[in-house]
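Shown next, in structure tokens, is the structure this report addresses.
The values are calculated or read from the model by the stated rules, or taken from the named source; none is laboratory data. The model shown is predicted, which means the values in this text are computed figures rather than measured ones. Here the Cβ positions follow ideal geometry from the backbone for every residue, glycine too, while neighbour counts run over all protein chains shown. For the accessible areas, the whole protein counts, side chains as well, though only heavy atoms, and no ligand, DNA or RNA atoms are used. Shrake-Rupley method; radii C 1.70, N 1.55, O 1.52, S 1.80 Å.
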Amino acid sequence: MKFAVVLHTDDGEHYGVTVPDLPGCFSAGDSMEEALDMAVEAIDGHLELLFEENGSIPERRPIKEHQQNPDFDAGVWALVDVDVTSYLGKSERFNITMPHLLVKRIDEYVATHKDAGSRSGFLQKAAAKELGLS
């Protein structure tokens, strides 16, 4: 799942990071790259606490909307990708019905795209993408 972050610096070298969609989620780094890496860790830890409390991910808003906030003036915007699948719960087995040709196309895709994993993995990724969880 991609999260918008805004980086601020006073010296052009050290950066503070704010995650506007996760109030209270902050990080920092001694370079822009390190700050972005640390932001991923901060988001991961923040999500872990949120899921322990109420089991949900706050809705993400467009960067354009956040840019209207004067607190983020002169900030550098970026997107960081955080794997949230571990917070979605344990895997569950269930039956579904799909048209034969669709199943065949999925199987062909999975066979030629190793990153898709399996039929289940493909469907999981497609559902996560459609639901805004990727």
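Details
- Taking every DSSP helix (H) stretch of at least 4 residues in the chain, weighting each as -39,500 (n - 2.57) and dividing the sum by the residue count yields a mean residue ellipticity at 222 nm of -12000 deg cm²/dmol.
- Rg over Rh for the chain works out to 1.08, using Cα positions for both radii and the Kirkwood form for Rh.
- Axis angle, to the nearest 10 degrees, between helix 32-53 and the longest C-alpha principal axis of the chain: 60 degrees.
- Ranked by solvent-accessible area (1.4 Å probe, protein heavy atoms only, all chains present), the residues S31, S91 order from largest to smallest as S91, S31.
- Rounded to the nearest 10 Å², the accessible area of T112 at probe 1.4 Å: 100 Å²
- Per residue, in Å², the accessible surface of the chain once ligands and nucleic acids are set aside, probe 1.4 Å: 70 Å²
- Debye log10 I(q)/I(0) for segment 11-72, one point scatterer per Cα, at q = 0.12, 0.22, 0.27, 0.29 Å⁻¹: -0.34, -0.97, -1.14, -1.18
- Expressed as a whole percent, the accessible surface of the chain that belongs to carbon and sulfur atoms is 52, based on a 1.4 Å probe.
- Helix 119-130 axis, angle to the chain major axis (alpha carbon atoms, nearest 10°): 40 degrees
- Relative contact order (%) - criterion: Cα under 8 Å, at least six apart; region: segment 21-122: 20 percent
- Those chymotrypsin sites (Phe, Trp or Tyr not before Pro) in segment 86-134 that DSSP places in a loop and that have at most 11 other beta carbons within 10 Å: F94
- Exposure check, 1.4 Å probe, all protein chains in place: I106 carries approximately 10 Å² of accessible surface.
- The reciprocal of the average 1/r between distinct C-alpha atoms defines the Kirkwood hydrodynamic radius, which for segment 63-108 equals 15.7 Å.
- In a reduced charge model with +1 at each Lys and Arg Cβ and -1 at each Asp and Glu Cβ, segment 1-79 shows a dipole moment near 460 debye about its Cα centre.
- Extension gain from F94 to L123, taking 0.36 nm per residue of separation minus the Cα-Cα distance: 9.2 nm
- Loop-exposed trypsin sites (Lys or Arg not before Pro) per DSSP, neighbour cap 15 Cβ within 10 angstrom, longest uninterrupted part of the chain: 1-89
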